[in-house]
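Undergrad: For reference, the structure I am asking about is given below.
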Ligand code: NAD
């Protein structure tokens, strides 16, 4: 039964949801989205979602109904029936609906400020680059791309076109996550010693793209392990120095013909901080545990859609519960409207750093050697 849980139902069963910074991470302010929308008189940014799958439908579109400074202005889909359904539901005019072939005509559409790519991982580079060439700012889902080279091409395309590029690292804006980042960086419990970060779920449909290496780039590491990598980076504010890693056993050879079933890894971080990570498509697990000289911090759930729960050695954390996608989009658009830039901690360069680290984890698990990252 649990075997057949889809990713979505797993997340719903947890009663939470899933997502994550780096050396240049400036802790952003909490943008809490109230249940009823406050009055907003300023400019609203029009967002077009590319790919109307589960994340676009159940999270981003729902979030965009709660935001004040941006709205769902357009859609890009290969399925005409979905186009009809979304046009009706979200009052989207036909002129703002594209398919994958005529997508480039979005260049002429003044309603669309930001194109948000929510396609399977292998399709991110093509659509980010086409959006950039159309002169649109681009948000891209995680992982930014399956390879380091593709991330570099996407960054170059956006730079050449003079458009912003951001990765949908929603945990960067989430209050419990930000509080743990603050406490870690400010050494509230002293120097950090050890971080354990785990994220896995029991994957459903054996035919889905997430189990095909050509589309997903890999298995759970690309999909949810990336949250653990991000957490290590945003909590410490540092970059890992080296990594060792081990693939777990394959217990379901039919499902895991192409991608890993699970992988564990160990990072050496500066200041003698050790980080252990684990990700799996066969194990329901989700936690971020940080121990320091004078106490600990613990988030569990730590990465799903919420509510995130947290406690420290001094007691439970009580913080606002936000809709992750609304909270993220409101914050990104606020910064863009004020500065003409997306927050730097979600930049394409951040996505590229993660891609390098994910690739090193696969290399280390493959050859059993310690891979240096600097
Ligand atoms: P999904 O399978 O539910 O949706 C994928 C969409 O792409 C579908 O609408 C499908 O029709 C379309 N598509 C177009 N060409 C396709 C092809 N050749 N094969 C398969 N689908 C094709 O996937 P999803 O869960 O919505 O994930 C989409 C992206 O969003 C992924 O990059 C994923 O990592 C990311 N994601 C992020 C979060 C988060 O919390 N930030 C959560 C879930 C997914």
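Undergrad: With no solvent and one equal point scatterer placed on each C-alpha of region 260-318, evaluate the Debye formula and give log10 I(q)/I(0) for q = 0.16, 0.22, 0.26 Å⁻¹, two decimals.
TA: Ignoring solvent entirely, the Cα scatterers give -0.65, -1.01, -1.12.
Undergrad: A follow-up question, please. Enter the Cα centre distance for the pair region 179-193 and region 239-318, rounded to the nearest angstrom.
TA: 18
Undergrad: Write down Rg/Rh for region 323-374, rounded to two decimals, with Rg from the C-alpha atoms and Rh from the Kirkwood relation over Cα pairs.
TA: 1.23
Undergrad: Mind running the shape call on region 45-169? Use the C-alpha gyration tensor, a ≥ b ≥ c as the square roots of the eigenvalues: rounded below 1.5 for a/c, prolate if a/b tops b/c, oblate otherwise.
TA: prolate
Undergrad: I've got another one for you. With 10 angstrom as the radius, rank 86, 209 by how many other C-beta atoms surround their C-beta, starting from the fewest.
TA: Least crowded to most crowded, the residues run 209, 86.
Undergrad: Calculated FRET efficiency, residue 338 and residue 100, Cβ-Cβ r, R0 45 Å, to nearest 0.05?
TA: Between residue 338 and residue 100 the formula returns 0.85.
Undergrad: Order the peptides 126-135, 236-245 from the highest to the lowest mean number of other Cβ atoms within 10 Å of their residues.
TA: 126-135, 236-245
Undergrad: Arranged by the count of other C-beta atoms within 10 angstrom, fewest first, what order do 289, 269 take?
TA: The fewest-first ordering by Cβ neighbours comes to 289, 269.
Undergrad: Additional query: Just the number, please: percent antiparallel of the DSSP beta bridges in region 45-169, rounded to the nearest 5.
TA: Antiparallel bridges: around 0 percent, rounded to the nearest 5.
Undergrad: How big is the antiparallel share of DSSP beta bridges in the chain, given as a percent to the nearest 5?
TA: If we restrict to bridges inside the chain, about 60 percent are antiparallel.
Undergrad: Once both labels are modelled 7 Å past Cα along the beta-carbon direction, what's the residue 289-residue 258 spacing in nm?
TA: Label-label distance for residue 289 and residue 258, simple model: 3.5 nm.
Undergrad: State the antiparallel share, in %, of DSSP beta bridges confined to region 119-268, rounding to the nearest 5.
TA: In region 119-268, approximately 65 percent of DSSP beta bridges are antiparallel ones.
Undergrad: Further question: Can you list the equivalent-ellipsoid semi-axes of the chain, largest first and in whole Å, using the square root of 5 times each Cα gyration tensor eigenvalue?
TA: In descending order the semi-axes read 31, 24, 20 Å.
Undergrad: Do me a favour and compute the ellipsoid semi-axes for region 114-267 from its Cα gyration tensor, root of five times each eigenvalue, largest one first, whole Å.
TA: Ellipsoid half-lengths, sorted descending, are 27, 25, 13 Å.
Undergrad: In what sequence do 150, 174, 338 fall when counting other Cβ within 10 Å, fewest first?
TA: The fewest-first ordering by Cβ neighbours comes to 338, 150, 174.
Undergrad: For the chain, what is the mean residue ellipticity at 222 nm derived from helices alone (per DSSP H run of n ≥ 4: -39500 (n - 2.57); sum divided by total residues; nearest 500 deg cm²/dmol)?
TA: Mean residue ellipticity at 222 nm (helix-derived): -9000 deg cm²/dmol.
The numbers here are math on the coordinates, done by the rules we state, and not lab data. Everything numeric in this text was worked out from a predicted model, so none of it was measured. Glycine also receives a Cβ, built like all others from the backbone with ideal geometry; neighbour counts cover every protein chain displayed.
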